[in-house]
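Worksheet for the structure shown next.
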Amino acid sequence: MQAVRTAPIVGQQLRRLGVGSSWPRALLGQPPLGLARRPYASGATQAVLEKSDPLSPEASTQEKQAKAESKSFAAGMFRGQLTTDQVFPYPSVLNEEQTQFLKELVGPVSRFFEEVNDPAKNDMMEKVEETTIQGLKELGAFGLQVPSELGGVGLCNTQYARLVEIVGTHDLGVGITLGAHQSIGFKGILLFGTKAQKEKYLPKLASGETIAAFCLTEPSSGSDAASIRSSAVPSPCGKYYTLNGSKIWISNGGLADIFTVFAKTPVTDAATGAVKEKITAFVVERSFGGVTHGPPEKKMGIKASNTAEVYFDGVRVPAENVLGEVGGGFKVAMHILNNGRFGMAAALAGTMKGIIAKAVDHATNRTQFGDKIHNFGLIQEKLARMAILHYVTESMAYMVSANMDQGSTDFQIEAAISKIFGSEAAWKVTDECIQIMGGMGFMKEPGVERVLRDLRIFRIFEGTNDILRLFVALQGCMDKGKELSGLGNALKNPFGNAGLLLGEAGKQLRRRAGLGSGLSLSGVIHQELSRSGELVVQALEQFAAVVEAKLIKHKKGIVNEQFVLQRLADSAIDLYTMVVVLSRASRSLSEGHPTAQHEKMLCDSWCIEAAARVRETMTALQSDPQQQELFRNFKSISTALVERGGVVTSNPLGF
Ligand SMILES: Cc1cc2nc3c(=O)[nH]c(=O)nc-3n(C[C@H](O)[C@H](O)[C@H](O)COP(=O)(O)OP(=O)(O)OC[C@H]3O[C@@H](n4cnc5c(N)ncnc54)[C@H](O)[C@@H]3O)c2cc1C
């Protein structure tokens, strides 16, 4: 009975996390999964496998399907593959003209933030100063990615990343004002808008004449976005929808004229005739009437950005303002968020750069115990770790933006990793900067405490890092699960699938004999980084073996194993970040960049520690009986706290 009851809940959870819902039959428990092991095959090896058995169309089709599944390196990691297409060589996507144009923008935008914008004043006033807003409009900063024929600057993702990096260096409050407008507020119109919608709305949005906001969150619906209650009921004539509902914590909610709003609409299933409530996205104008907002929220950070409740009370929204398909709103929301995550990583790379400069300045000038503090090992380790975290985040932001510019559609796991990593790295870097600055760091004047306050929200909004970790792990497991399913089918028809199984058996034998999987990065990374490359490969093999073992053990129930999923996600993050820095440092070494040897140190240092973390985490998941005890304890301790309403233990004094 229980299995019957949990299945739909699991499916719902997956969908609500934005993970595709087509879990393979193999993970529902039918095929003999214990036998179904997947080779750690690179794309090239897979091609060889396909060629090795021309008489086996089924095997070939399965391999092709697996290959067609994803070009994502991160998805490949879960399958034990090095899918190098998107990560090696480190992508350079800008042509000469785009580079030149970007260079022309970087100077004025940087100067604007250095000379005109006053982040401390914005923070104190809890709004962005009007001179800044006007200046940003003149710079075109409200329409960076709007095509030039519609009045925008027409930047690609990589160019956009470079400019938001500058914003992130100087003022995250301004960054959120601009980001809520273009990265999520009207991104839906850019991605899903009809020609008429684009022509109607984008020119004014691009100039900043109108401001946009993204309205998804509601009082009872945060991470579980699919549970929204706002409703849009179609009129009998079909010409408009009546929108009712309220949204909370909407960035730019008190300033916006144009809202991307998500609401439930009745959708009739063409096949069955059944009516279901599905989410639909709408472009809503304040001028439609019935749109109001609450006062600006008082918050911990990004105070300069406006955050407000927005109410929709009987708003008549014309049917032509549906964004994307009726009933397709959840997909629209997820696409918008996925699409904007690289921008957050880029902005936070900028934040780290600015903060590191402050830390270095203090460490260089502060004398204690008769010496400048940068000469002390503890300070040196902090500075070095800050530089490494910055290097990783920056490398990842531009890797993801370049992949998107190259037309990739397989970047969701990577984008989520870049958001998780960037927001946590920026927090650590800023916290350590305060530590290096001592009491001075705690003072308002240097402005670092403001940055720390501003940064805290980045781990929460646009998908909490916890939910995104579940997304990373489950999306990866799902891809891997599909493959296990394919092998399960292959095992049912061993003669037809001889090529696939022979390849499989060979890999297994080699692994059991300790000969390794044959995976290598040697052809794609610079030889000076070969040791780090080996660390990545070893870590990836161990990771993939654990993923497989966990899927075989838990099958579809993996979705409820959050202790395991979190650890898989953490290791996935370590693996992807290692590969990204290996790629960038390799390029620098190959091209003889002046900082190449410094980058090699950043890269090697990151790989040494990240690989060790993966090793430790995977070993514990694989074989440590104490790990299970730990998970049981966490659950029991938490349950006791919840039952007690706080800590369970009494004071050691007994009162
Ligand atoms: C300053 C600010 C600006 C914002 N701007 C916007 C905006 O412009 N537009 C908009 O639509 N929204 C906006 N938001 C809302 C924001 O996106 C949400 O706060 C966020 O999605 C998290 O939702 P929640 O706060 O309801 O937390 P909840 O979803 O209630 O989560 C609480 C905690 O539980 C965890 N959790 C939840 N579900 C699970 C699960 N299944 N498994 C494990 N852990 C779980 C979460 O990770 C989190 O730690 C903004 C919020 C703030 C604070």
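Could we say that Ala232 is small (Gly, Ala, Ser) and either within 30 Å of Thr268 (Cα to Cα) or away from the ligand (no atom under 16 Å from the Cβ) (or both) here? Against the criterion (small (Gly, Ala, Ser) and either within 30 Å of Thr268 (Cα to Cα) or away from the ligand (no atom under 16 Å from the Cβ) (or both)), Ala232 qualifies. Scanning the stretch 259-311 for residues that are touching a residue at least 60 places away in the same chain (Cβ under 8 Å), within 12 Å of the ligand (Cβ to nearest atom), of a type in the set (Ser, Thr, Tyr) and part of a strand (DSSP E or B) yields a count of 1. Checked against (1) surrounded by 22 or more Cβ atoms within 10 Å (Cβ to Cβ); (2) touching a Ser or Thr at 6+ places or on another chain (Cβ under 6 Å); (3) farther than 18 Å from Arg459 by Cβ, Tyr398 meets all criteria but (2).
All but one of (1) under 27 Å from Arg453 (Cβ atoms); (2) within 16 Å of the ligand (Cβ to nearest atom); (3) within 24 Å of the chain's Cα centre (by Cα) hold for Phe342, so report the exception by its number. Phe342 satisfies every listed condition except (2).
Where helices (runs of 4 or more DSSP H) fall entirely within the stretch 92-184, those with at least 1 residues that are more than 16 Å from the ligand (Cβ to nearest atom) and surrounded by 17 or more Cβ atoms within 10 Å (Cβ to Cβ) are at 96-115, 119-125, 130-139, 157-170.
Pairs, please: C-beta under 9 Å, at least 6 apart or cross-chain, first residue closer than 15 Å to Val448 by Cβ and in the stretch 356-384, second at pLDDT 95 or above and in a loop (DSSP other than H, G, I, E, B)? Close Cβ pairs (under 9 Å, with a partner that is at pLDDT 95 or above and in a loop (DSSP other than H, G, I, E, B)) amount to Lys358/Pro446; Lys358/Gly447; His362/Gly438; His362/Pro446; Ala363/Phe376; Arg366/Gly438. When the test is whether a residue is within 16 Å of the ligand (Cβ to nearest atom) and out of contact with any strand residue (DSSP E or B) (no Cβ under 9 Å at 6 or more places or on another chain), His335 passes it.
Across the stretch 244-258, the qualifying residues are those that are out of contact with any helix residue (DSSP H, G or I) (no Cβ under 9 Å at 6 or more places or on another chain) and away from the ligand (no atom under 11 Å from the Cβ), and the one among them that is nearest to Arg286 (Cα to Cα) is Gly254.
Considering the stretch 586-599 alone, what residues qualify as being farther than 14 Å from Leu389 by Cα and either in contact with a Gly (Cβ under 7 Å, 6 or more places away or on another chain) or touching a residue at least 24 places away in the same chain (Cβ under 8 Å) (or both)? Residues satisfying the conditions are Ser586, Arg587, Leu589, Ser590. When Thr409, Thr351 are checked against the criterion of being within 28 Å of Glu432 (Cα to Cα) and either under 20 Å from the mean Cα position of the chain (by Cα) or not in a helix (DSSP H, G or I) (or both), a single residue qualifies: Thr351.
Just one of the listed residues (Gly154, Gly168, Gly140) is under 23 Å from the mean Cα position of the chain (by Cα), of a type in the set (Gly, Ala, Ser) and under 26 Å from Ser92 (Cα atoms), and it is Gly168.
Are any of the residues in the stretch 188-208 within 14 Å of the ligand (Cβ to nearest atom), surrounded by 20 or more Cβ atoms within 10 Å (Cβ to Cβ), under 22 Å from Ala346 (Cβ atoms) and modelled with pLDDT of 95 or more? Checked against the condition, which is being within 14 Å of the ligand (Cβ to nearest atom), surrounded by 20 or more Cβ atoms within 10 Å (Cβ to Cβ), under 22 Å from Ala346 (Cβ atoms) and modelled with pLDDT of 95 or more, the stretch 188-208 yields at least one hit.
Residues considered: Asn365, Asn338. Of these, the only one that is farther than 30 Å from Ile457 by Cα and either modelled with pLDDT of 95 or more or of a type outside the set (Gly, Ala, Ser) (or both) is Asn365.
Every residue in the stretch 447-469 that is of a type in the set (Asp, Glu) and either surrounded by fewer than 23 Cβ atoms within 10 Å (Cβ to Cβ) or within 9 Å of the ligand (Cβ to nearest atom) (or both), please. Once the filter is applied, which keeps residues that are of a type in the set (Asp, Glu) and either surrounded by fewer than 23 Cβ atoms within 10 Å (Cβ to Cβ) or within 9 Å of the ligand (Cβ to nearest atom) (or both), the stretch 447-469 yields Glu449, Glu462, Asp466.
If I filter the stretch 617-636 for residues that are at pLDDT 95 or above, within 28 Å of Val400 (Cα to Cα) and assigned to a helix (DSSP H, G or I), do I get at least one hit? Within the stretch 617-636, one or more residues are at pLDDT 95 or above, within 28 Å of Val400 (Cα to Cα) and assigned to a helix (DSSP H, G or I). Taken over the stretch 604-653, the residue count meeting the criterion of being among the β-branched types (Val, Ile, Thr) and in contact (Cβ under 8 Å) with a residue 40 or more places away in the chain is 4.
The values are calculated or read from the model by the stated rules, or taken from the named source; none is laboratory data. All figures in this text were calculated on a predicted structure; none of them were measured in a lab. Using ideal geometry, Cβ is built from the backbone for each residue, glycine included, and neighbour counts are taken over all protein chains shown.
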